[in-house]
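Chemist: Handing you a structure now.
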Amino acid sequence: MPVARKIGEVRSELSDLAQNARTAEELMREMVKLLHDRMLKYNWVGFYMLEAGTEPPVLVLGAFEGAMTPHVRIPLNQGICGAAASTGQTVIVDDVSKDPRYLACSLETKSEIVVPVFADGKVVGELDIDSHFPAAFTPEHQDLVQYCATLVGKKLEASGR
Ligand code: SME
């Protein structure tokens, strides 16, 4: 199936998930499963959420699909995850072996995308996806992953977290 069609289908499934999920946590659990099952190059998919009240702030592993990672808690000054959360910008790394910030989760990982999740104008967490394929996250994938982060942010806002 052409990638644009696949992404279109997955987008509409994600929108259904967001409408039907009772909580943001439920949405995140179902979202990581859907992305991992349907997007064949998304080999590890997970959320890191900022822990409330921790100083300095720390990202804590939330819902994920794929192998267990050694990085369960990530300070904001570490990793590609820390870079995305501290700047509030999407980070895409086409070849993780060339990025000194990269914290290894699996030896098979070649590329990575991390998209911040905003609620009420603030970064509250992020969606991290690793691929066994180099440069897997082209602009159409970036759009899809950013859409996911927006859905979760809206759900968090709606739940008055
Ligand atoms: N690679 C990330 C760490 C998380 S694992 O990929 C699941 C980073 O460099 O921040």
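Chemist: For K98, which aspartates and glutamates qualify as cross-link partners when the Cα separation must be under 13 Å and same-chain residues fewer than eight apart are set aside?
Modeler: The qualifying aspartates and glutamates are E112.
Chemist: As an exercise, take the mean of 1/r over every pair of distinct alpha carbons in segment 79-161, invert it, and state the Kirkwood radius in angstroms. Working shown, then result.
Modeler: Working: mean 1/r = 0.0766 Å⁻¹.
When all Cα pairs of segment 79-161 are included, the Kirkwood radius is 13.1 Å.
Chemist: If you don't mind, there's one more thing I want to ask. Are there trypsin sites (Lys or Arg not before Pro) in segment 83-147 that DSSP puts in a loop and that have at most 15 other Cβ atoms within 10 Å, and which ones? Spell out each step's value before the answer.
Modeler: Details: sites: K98, R101, K110, K122; in loops: R101, K110.
For trypsin sites (Lys or Arg not before Pro) across segment 83-147 that sit outside H, G, I, E and B with at most 15 neighbouring Cβ atoms in 10 Å, the list reads R101.
Chemist: All other residues with a Cβ under 13 Å from the Cβ of T69 taken together, and with Lys, Arg as +1 and Asp, Glu as -1, what is their net charge?
Modeler: Summing Lys and Arg as +1 and Asp and Glu as -1 gives -4.
Chemist: In addition: Within segment 71-161, report the GluC sites (Glu not before Pro) that DSSP leaves as loop and that have at most 14 other Cβ atoms within 10 Å.
Modeler: E108
Chemist: Give me Rg/Rg_expected for segment 5-55, where Rg uses Cα atoms only and Rg_expected = 2.2 N^0.38 Å with N residues. Please report the intermediate quantities before stating the final value.
Modeler: Values: Rg = 12.9 Å, N = 51, 2.2 N^0.38 = 9.8 Å.
Computed over Cα atoms of segment 5-55, the ratio equals 1.32.
Chemist: Largest first and in whole Å, what are the equivalent-ellipsoid semi-axes of segment 1-89 based on the Cα gyration tensor, each being the root of 5 times an eigenvalue? Let's see the in-between values first.
Modeler: Details: eigenvalues 140, 48, 30 Å².
Output for segment 1-89: semi-axes of 26, 15, 12 Å.
Chemist: Report Rg(Cα)/(2.2 N^0.38 Å) for segment 39-87, keeping two decimals.
Modeler: 1.19
Chemist: Working from the alpha-carbon coordinates of the chain, get Rg over Rh, Rh being the Kirkwood radius.
Modeler: Working: Rg = 14.6 Å, Rh = 15.6 Å.
Expressed as Rg/Rh, it is 0.94.
Chemist: Tell me which residues come under 5 Å, amide H to amide H, from A63 once H is placed; ignore anything under 5 positions away on its chain.
Modeler: F47
Chemist: For a quick protection proxy, order the peptides 40-51, 59-70 by their average other-Cβ count within 10 Å, most packed first. Numbers along the way, then the final one.
Modeler: Details: 40-51: 20.5, 59-70: 16.5.
Packing proxy ranking, top to bottom: 40-51, 59-70.
Chemist: Anything over 24 Å Cα to Cα? Flag those among K41/K155; K6/K122; K41/K154; K6/K110, in the order listed.
Modeler: From K41/K155; K6/K122; K41/K154; K6/K110, over 24 Å: K41/K155; K6/K122; K41/K154.
Bear in mind these aren't lab numbers, they're just calculated from the coordinates by the rules spelled out. Just so you know, these numbers come straight off a predicted model, no measurement behind them. Neighbour counts are summed over all protein chains in view; Cβ atoms, including those assigned to glycine, are modelled from backbone coordinates with ideal geometry.
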